[in-house]
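The values are calculated or read from the model by the stated rules, or taken from the named source; none is laboratory data. For clarity, every value in this text was computed on a predicted model and none was experimentally measured. With ideal geometry, Cβ positions are generated from the backbone for all residues, glycine too; neighbour counts draw on all protein chains shown.
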Ligand code: F6R
């Protein structure tokens with residue numbers, strides 16, 4: 001695990017974007033693993049700017065998102081498909097056929113989840129996985145006590161996540177209780193992992209995953225086993241190291 005303490009989140013986003021761009025130059029059909037949440041938005045803004053202002057081409061890029069809620073349509077503002085269109089896909093020239101999300105609909109979800117991992121394998125694996133981390137140490141929707149070698153699968157959201165998310169739903173609206181997520185084993189299969197974490201509220205999680213034992217109680221701690229992981233922190237998230 002390599003750790004870079006940046007002066008600002010913007011500096012972290014610059015470094016991550018620069019690495020993606022460098023890899024894209026040598027491999028135009030780069031396979032990206034993508035996250036949602038507030039943390040990666042700075043990187044997405046920069047990728048959009050590179051495309052608009054410098055003509056950087058994403059037409060051969062393949063993407064695999066980490067997670068998605070079960071029971072929300074792609075048009076629902078809380079769905080991760082909506083989030084990704086708004087922050088990235090609508091502005092880039094990645095063909096729709098190259099964009100992948102974990103399955104959330106129809107029968108045989110378990111089989112479709114296995115096929116998601118197989119699809120990742122079939123394109124040669126994820127070259128760069130972008131990650132954020134929850135204040136509870138979660139990566140993707142692998143919340144505390146998730147199996148450390150899990151593949152893509154359906155997870156029940158914890159009470160805390162449900163409480164945190166409830167503000168995004170109008171009263172009477174059904175809030176999803178389930179999500180599909182890449183497993184911890186799937187994430188560990190990525191060749192390179194770039195995790196960003198900013199702000200004081202991430203400091204305990206960063207301390208636990210960097211200095212603590214590898215434990216299902218802090219799922220991100222498994223990244224200690226990954227040979228090509230870099231953490232991009234700011235002073236606040238690094239303050240308890
Ligand atoms: C979302 C995801 C989550 C977030 C984490 C941090 O795809 O993988 O694990 O990375 O919840 O969220 P933010 O960035 O909003 O603090």
Would you check which residues across segment 103-131 are away from the ligand (no atom under 16 Å from the Cβ) and either touching a helix residue (DSSP H, G or I) at 6+ places or on another chain (Cβ under 7 Å) or not in a helix (DSSP H, G or I) (or both) and list them? 105, 106, 107, 108, 117, 123, 124, 125, 127
Could you check how many residues of segment 184-213 are under 14 Å from residue 139 (Cα atoms) and surrounded by fewer than 16 Cβ atoms within 10 Å (Cβ to Cβ)? 0
Within segment 148-173, can you find the residues that are more than 15 Å from the ligand (Cβ to nearest atom), farther than 22 Å from residue 231 by Cα and touching a residue at least 12 places away in the same chain (Cβ under 8 Å)? 151, 154, 156, 169
List, please: which pairs have Cβ atoms under 6 Å, are six or more places apart or on different chains, and start with a residue in segment 12-26 that is in contact (Cβ under 8 Å) with a residue 60 or more places away in the chain and end with one that is in a helix (DSSP H, G or I) and crowded, with 21+ Cβ neighbours inside 10 Å? 13/43; 16/43
For segment 132-241, which fully contained strands (runs of 3 or more DSSP E) count at least 3 residues that are within 21 Å of residue 76 (Cβ to Cβ) and either touching a strand residue (DSSP E or B) at 6+ places or on another chain (Cβ under 9 Å) or modelled with pLDDT of 95 or more (or both)? 153-156, 178-181
Answer yes or no: is there a residue in segment 24-41 that is assigned to a loop (DSSP other than H, G, I, E, B), modelled with pLDDT of 95 or more, surrounded by 16 or more Cβ atoms within 10 Å (Cβ to Cβ) and touching a helix residue (DSSP H, G or I) at 6+ places or on another chain (Cβ under 7 Å). yes
Scanning segment 37-76 residue by residue, the ones that are over 18 Å from the mean Cα position of the chain (by Cα), within 16 Å of the ligand (Cβ to nearest atom) and touching a residue at least 12 places away in the same chain (Cβ under 8 Å) total 1
